[in-house]
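What follows is a set of notes on a single structure, which appears directly below.
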Protein chains: 2
Amino acid sequence: MNATRLDESTVTRTALVTPGMCGPNSLFAGQLGDWTWETVTALCDVNAFDARNEDGSPTYLSFYYFRIKAGRDMHVNGLTFGDRLDVTSRLFGFGSESILALHKVSPVGGGALAVEPEEFYRFDDPKAVYVENFNRWITRSAPGSNEGLVKSSPVGFRHDHLPRLPDAYSPRRVYNHARSRLTFLDAVPPDRERLSVDYRVDASRDLNGVGLLYFASYFSITDWALLQLWRERGRSTESYLRRVVLDQQLCYLGNADADAVLRIDVDAWGSPGDELFNVVIKNHGRTIAVSTLHVVSTGGSHDGA
Amino acid sequence: MNATRLDESTVTRTALVTPGMCGPNSLFAGQLGDWTWETVTALCDVNAFDARNEDGSPTYLSFYYFRIKAGRDMHVNGLTFGDRLDVTSRLFGFGSESILALHKVSPVGGGALAVEPEEFYRFDDPKAVYVENFNRWITRSAPGSNEGLVKSSPVGFRHDHLPRLPDAYSPRRVYNHARSRLTFLDAVPPDRERLSVDYRVDASRDLNGVGLLYFASYFSITDWALLQLWRERGRSTESYLRRVVLDQQLCYLGNADADAVLRIDVDAWGSPGDELFNVVIKNHGRTIAVSTLHVVSTGGSHDGA
């Protein structure tokens, strides 16, 4: 816990990028989730890592919506060992059952430490990664099962002191759209290509420390589906690894047990070097995640190869 | 970096277990590697996260041998959100090209913070996880390739001040045995069962922030191979998830590129509830890792099912 409190809704920290939090994998997404929990723990009178509801059951601050907005010069896959980051995190109140964290991630010394919605949602600092992370408190409704999770606020969670987010930026509007349309795109372009693949939830990699499908695994599974698309099109793994994700939105709608076979539909538009992808993940026919990505290449000579 | 220096070879820190560093996956192993690098950075006048050799090329403190020794009451898969740990890390000198880190991981307040080899190698505190991590400085011999990595010490690496490990505990003896015999076992018991499986290095999960096969992925790949053995024997995923790894030794002998198809041979002895496994991972016929594990069950009613 290195976070320094800036005001009643904001903390900031300097982070050294370690092997355990970067690479072409979901480790940085996992780190973002930890920063959300750390921020809530610092500012909301509840230990997000060990929270319990009135029944004494564990309750988890579970992601419902994630957006990671980046630039060609500063993006998740571009982070490497030894990079030093300023990470400023601000919380916004959404009642007792939900909370929004905004994280602004910049190279050390690269920018202002405050997070103001009007500035944040312009996404106009090319040296920043902007992260929206909307979370809900949930608990299991049946022991040992990862399906049928229900909302459940922890004892002592303080949120009245947090600022309200201006309606114009409401994540609810955004994720409700994704939930009903199965995409974050306002309009689906013509000429899509589709790949459908099955993925079996892997007991050796995909679960977290309480046995739920780890939120960062939704990023891994999405990335794995894109890799299958790369292969199917005969594109190089090298170009896959050099891709730049300028924007990823991901809405969580359900969890899954180990060994569940997920059906993943990937729609793609554009051409190598500038593409949109829409990914829908289903478990037993029920949609458990929707993600939309904007992916460009780094412009190297082998792109699209 | 929360580590506090205890003496010229030792640091200690208190760690809160987050979702990003626990679970039935390799996240805790990854955290152990980060602690090794953090300790070297704190005590050896070199930034292990951004080290360079005399040619100006990046050099990485790469694991060569790992041992994680645990107990039924305190083991890696048993860690969960919110646990608080004391982690004491001590370095031992092995010249300019290698270094040994010993980590003792205990529940907060659970034990002495010093690490003395005579005490450490007794492995007799049932509330501690004992970690040996022998590392070598390596660099790429060809840009973009993960094969043919060579030893390469960074500029400024100070190690003369570190204590020497008594010969009786030398990891060299141990890993040389594993390298020549392809097991850490002194004698291979009779009546082994063998499973051979292929694993393709996954560009969406297995690489680290500099494009090498991430050291923690060797743990993941080993765990994946065990899961295949569980399946082949018709044993439940639930019993797989509840396994307790009392001892794992892992020796690294080579890296691999994305898409490489690794051949994994798993030998097993014993019966559900108390088993030895030996895992040999090969790339193009060359052994790149050897691991030996002692795995027991938690004693639940479904074990061995």
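The values are calculated or read from the model by the stated rules, or taken from the named source; none is laboratory data. Remember, it's a predicted structure, so these values are computed and weren't measured experimentally. With ideal geometry, Cβ positions are generated from the backbone for all residues, glycine too; neighbour counts draw on all protein chains shown. Areas reflect the complete protein model, heavy atoms only, side chains present, ligands, DNA and RNA absent. Shrake-Rupley method; radii C 1.70, N 1.55, O 1.52, S 1.80 Å.
Has region A:179-197 got any residue that is more than 11 Å from chain B (Cβ to nearest Cβ), over 29 Å from A:R136 (Cβ atoms) and aliphatic (A, V, I, L, M)? The answer is yes, given that some residue of region A:179-197 is more than 11 Å from chain B (Cβ to nearest Cβ), over 29 Å from A:R136 (Cβ atoms) and aliphatic (A, V, I, L, M). Annotation: B:N176 fulfils all but one of (1) free of Cβ contacts under 8 Å to residues at least 12 places away in the same chain; (2) closer than 23 Å to B:L61 by Cα; (3) under 20 Å from the mean Cα position of the chain (by Cα); (4) open to solvent by 90 Å² or more (accessible area, probe 1.4 Å); the unmet one is (4). Remark: pairs (first residue in region B:247-260, in contact (Cβ under 8 Å) with a residue 40 or more places away in the chain; second residue part of a loop (DSSP other than H, G, I, E, B) and charged (D, E, K, R); Cβ separation under 8 Å; 6+ apart in sequence or on different chains) = B:G254/B:E147; B:N255/B:E147; B:A256/B:E147; B:D257/B:E147; B:A258/B:D202; B:A258/B:D206. Listed by first and then second residue, the pairs with beta-carbon distance under 9 Å, at least 6 apart or on different chains, first residue in region A:204-219 and at the interface with chain B (Cβ under 7 Å from one of its Cβ atoms), second among the acidic types (D, E) and crowded, with 23+ Cβ neighbours inside 10 Å, are A:S204/B:D223; A:R205/B:D223; A:Y214/A:D206.
One residue stands out among those in region B:59-84 that are touching a Pro at 6+ places or on another chain (Cβ under 8 Å) and within 12 Å of chain A (Cβ to nearest Cβ): the one that is least open to solvent (accessible area, probe 1.4 Å), which is B:T59.
Counting only residues that are within 14 Å of another protein chain (Cβ to nearest Cβ) and closer than 28 Å to B:E132 by Cβ, which one in region B:261-283 is surrounded by the most Cβ atoms within 10 Å (Cβ to Cβ)? Here the residue is B:V279. The sole residue among B:T14, B:T4 that is surrounded by fewer than 21 Cβ atoms within 10 Å (Cβ to Cβ), over 19 Å from B:Y130 (Cα atoms) and more than 9 Å from chain A (Cβ to nearest Cβ) is B:T4. Return yes or no: is A:L185 under 28 Å from A:G93 (Cβ atoms) and assigned to a loop (DSSP other than H, G, I, E, B)? For A:L185, the condition - under 28 Å from A:G93 (Cβ atoms) and assigned to a loop (DSSP other than H, G, I, E, B) - is not met. With respect to A:L113, determine if the residue is touching a Leu at 6+ places or on another chain (Cβ under 6 Å) and away from every other protein chain (no Cβ under 14 Å). So A:L113 fails the test.
When A:E8, A:E54 are checked against the criterion of being in contact with a His (Cβ under 6 Å, 6 or more places away or on another chain) and more than 21 Å from A:Y175 (Cβ to Cβ), a single residue qualifies: A:E8. Being open to solvent by 40 Å² or more (accessible area, probe 1.4 Å), of a type in the set (D, E, K, R), under 30 Å from B:V108 (Cα atoms) and touching a residue at least 24 places away in the same chain (Cβ under 8 Å) holds for only one residue in B:R140, B:R164, and it is B:R164. Any chance region B:205-222 includes a residue that's farther than 30 Å from B:F49 by Cα and outside the structural domain of B:A29 (by TED's automatic domain parsing)? Within region B:205-222, not a single residue is farther than 30 Å from B:F49 by Cα and outside the structural domain of B:A29 (by TED's automatic domain parsing). State yes or no: is A:G56 open to solvent by less than 30 Å² (accessible area, probe 1.4 Å), more than 14 Å from every other protein chain (Cβ to nearest Cβ) and either part of a loop (DSSP other than H, G, I, E, B) or modelled with pLDDT of 95 or more (or both)? So A:G56 does not fit the description; no. Please enumerate the residues belonging to region B:88-130 that are assigned to a strand (DSSP E or B) and among the aromatic types (F, W, Y). B:F92, B:Y130 - these are the residues of region B:88-130 that are assigned to a strand (DSSP E or B) and among the aromatic types (F, W, Y).
Taking the criterion of being more than 9 Å from chain A (Cβ to nearest Cβ), touching a residue at least 60 places away in the same chain (Cβ under 8 Å) and either open to solvent by 20 Å² or more (accessible area, probe 1.4 Å) or of a type outside the set (S, T, N, Q) (or both), the residues of region B:33-48 that qualify are B:W35, B:V40, B:L43, B:C44, B:D45, B:V46. Restricted to region B:233-305, the set of strands (runs of 3 or more DSSP E) holding at least 1 residues that are more than 20 Å from the chain's Cα centre (by Cα) comprises B:261-271, B:274-283, B:286-296. Screening region A:211-260 for residues that are touching a Phe, Trp or Tyr at 6+ places or on another chain (Cβ under 6 Å) and within 19 Å of B:S26 (Cα to Cα) and picking the one that is most open to solvent (accessible area, probe 1.4 Å) gives A:F215. Would you call B:S98 more than 9 Å from every other protein chain (Cβ to nearest Cβ) and over 30 Å from A:Y60 (Cβ atoms)? For B:S98, the condition - more than 9 Å from every other protein chain (Cβ to nearest Cβ) and over 30 Å from A:Y60 (Cβ atoms) - is met. Those residues that are assigned to a loop (DSSP other than H, G, I, E, B) and under 19 Å from B:S239 (Cβ atoms), I need them from region A:190-207; list them, please. Matches in region A:190-207: A:V201, A:D202, A:A203, A:S204, A:R205, A:D206.
Quick grid of which residues meet (1) touching a strand residue (DSSP E or B) at 6+ places or on another chain (Cβ under 7 Å); (2) under 23 Å from A:M21 (Cβ atoms):
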site	(1), (2)
B:V201	yes, yes
B:L229	yes, no
B:E232	yes, no
B:R235	no, no
B:Y240	no, no
B:L246	yes, no
B:G254	yes, no
B:A260	yes, no
B:S271	no, no
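Matching residues to (1) outside the structural domain of A:W137 (by TED's automatic domain parsing); (2) under 19 Å from the mean Cα position of the chain (by Cα); (3) closer than 17 Å to B:C22 by Cα:
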{"site": "A:T10", "(1), (2), (3)": "no, no, no"}
{"site": "A:T39", "(1), (2), (3)": "no, yes, no"}
{"site": "A:D45", "(1), (2), (3)": "no, no, no"}
{"site": "A:A48", "(1), (2), (3)": "no, yes, yes"}
{"site": "A:K69", "(1), (2), (3)": "no, yes, no"}
{"site": "A:R72", "(1), (2), (3)": "no, yes, no"}
